[in-house]
There are 2 protein chains.
Amino acid sequence: MQNQSNNMTIDPVNILKEHSLKHTKQRIRVLEEIALDTVAISQPELEKKLGKEIDRVTLYRILNIYEDKGILHRIMDMNGTANYAICSSSCSEDHHHDEHVHFNCTNCTKIYCLDVVLPQIKMPQGFTAATMHTTAYGICEKCSVMVSK
Amino acid sequence: MQNQSNNMTIDPVNILKEHSLKHTKQRIRVLEEIALDTVAISQPELEKKLGKEIDRVTLYRILNIYEDKGILHRIMDMNGTANYAICSSSCSEDHHHDEHVHFNCTNCTKIYCLDVVLPQIKMPQGFTAATMHTTAYGICEKCSVMVSK
DNA sequence: ATATAAATGCAATAGTATTGCATTTATGAT
DNA sequence: ATCATAAATGCAATACTATTGCATTTATAT
Ligand SMILES: [Mn+2]
Ligand SMILES: [Mn+2]
Ligand SMILES: [Zn+2]
Ligand SMILES: [Zn+2]
């Protein structure tokens, strides 16, 4: 198991407390939903699942505040849609530390957070990189099994 | 000069011929505009510059066909908006070969194509990567000069 | 229990991108 | 040079993603 496993001990209420956020049922539901799967989930998917319980705008606001606070990190896919995954515990309001590689399956479109850190890359003279984002595109574990059948 | 320099010998009509595309004034204008600068240009910027001469929809269609044909490559920025740059000469309809690193300035938002190739990264068991996209975020050459003044 | 600030829901609006169809244009054949 | 044809364009409509303003509801501290 090389890709990041889901944190089974995720406790939405506690996360909200730690970041001094009011714990509303909407905020708790979003965290519950995202914690369900090990792969990142897109805003459209979240809206499909939660749209009956939570207003679109509220969902956007919750996702934004979770990103700001370092609770979730956002991964853009090839189509420019936002995907979200739980941050590593070291992320804070000031700075994210999610410098792992992502894998975007071109078959099922799922985005995996891999336990692979990016090697240091030397920037040209004058360019100062603060963060790097790397996404690999290809066929994921599950899809390659399906194809081979 | 570490970042990729603009190809001064760019000839829109010839590029269209090479890809057996009809050479319309709209298609030529798009190539001319993108060839003007060494940094990638976003769809909104292109629309601002060409919106009077070219219909929005036509612009989208031209950008899509240029990407399909391997004439341009598309780089998504943090906000999910498309940016375009001329492809290396080895790109074709079947496959892009633009595996260089991009630099997205968080100050001026410009996206640079760097002459930096991505080191090979080992994927976890079961995951097969066909392509990799890497973007560094930070302060670019020009902006760091400005800040230091 | 109550006051207060914050979060939510709803309507409106903005930004990005695609589809359908009538009209125009580029290109090859005559 | 003219014409026929398929392709490209422009325009209207539509879809999808995201944000803003404001009235109402809710969480939390007192
Ligand atoms: Mn991740
Ligand atoms: Mn590039
Ligand atoms: Zn897959
Ligand atoms: Zn800059």
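The values are calculated or read from the model by the stated rules, or taken from the named source; none is laboratory data. Bear in mind that the values here come from a model prediction, so they are computed numbers and not experimental data. Don't worry about glycine lacking a Cβ; one is built from the backbone with ideal geometry, like all the others, and counts go over all protein chains shown. Just so you know, the surface numbers come from the protein's heavy atoms only, side chains and all, with ligands and any DNA or RNA stripped out. Shrake-Rupley method; radii C 1.70, N 1.55, O 1.52, S 1.80 Å.
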Pairs returned, first residue in the stretch B:119-134 that is more than 7 Å from every other protein chain (Cβ to nearest Cβ), second residue that is assigned to a loop (DSSP other than H, G, I, E, B) and open to solvent by less than 40 Å² (accessible area, probe 1.4 Å), beta-carbon separation under 8 angstrom, 6 or more apart or interchain, are none
> Does at least one position in the stretch A:118-126 carry a residue that is touching a helix residue (DSSP H, G or I) at 6+ places or on another chain (Cβ under 9 Å) and either buried (at least 18 other Cβ atoms within 10 Å of the Cβ) or under 24 Å from B:Gly80 (Cβ atoms) (or both)?
Replying inline: no
query = In this structure, is B:Asn83 outside any loop (DSSP other than H, G, I, E, B), within 14 Å of chain A (Cβ to nearest Cβ), surrounded by fewer than 21 Cβ atoms within 10 Å (Cβ to Cβ) and polar (S, T, N, Q)?
reply = no
Per the list (1) on the phi > 0 side of the Ramachandran plot; (2) at the interface with chain A (Cβ under 8 Å from one of its Cβ atoms); (3) crowded, with 19+ Cβ neighbours inside 10 Å, residue check on B:Gly70 breaks on (2)
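Provide a single number: the residues in the stretch B:115-149 that are of a type in the set (Ser, Thr, Tyr) and not in a strand (DSSP E or B).
Looking only at that region, the number is 2.
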Condition set hydrophobic (A, V, I, L, M, F, W, C) and open to solvent by 50 Å² or more (accessible area, probe 1.4 Å), scope the stretch B:34-64, selection modelled with the lowest pLDDT: answer is B:Leu36
Q. Among the residues of the stretch B:16-33, is there at least one that is under 22 Å from A:Asn79 (Cβ atoms) and within 16 Å of ligand 2 (Cβ to nearest atom)?
A. no
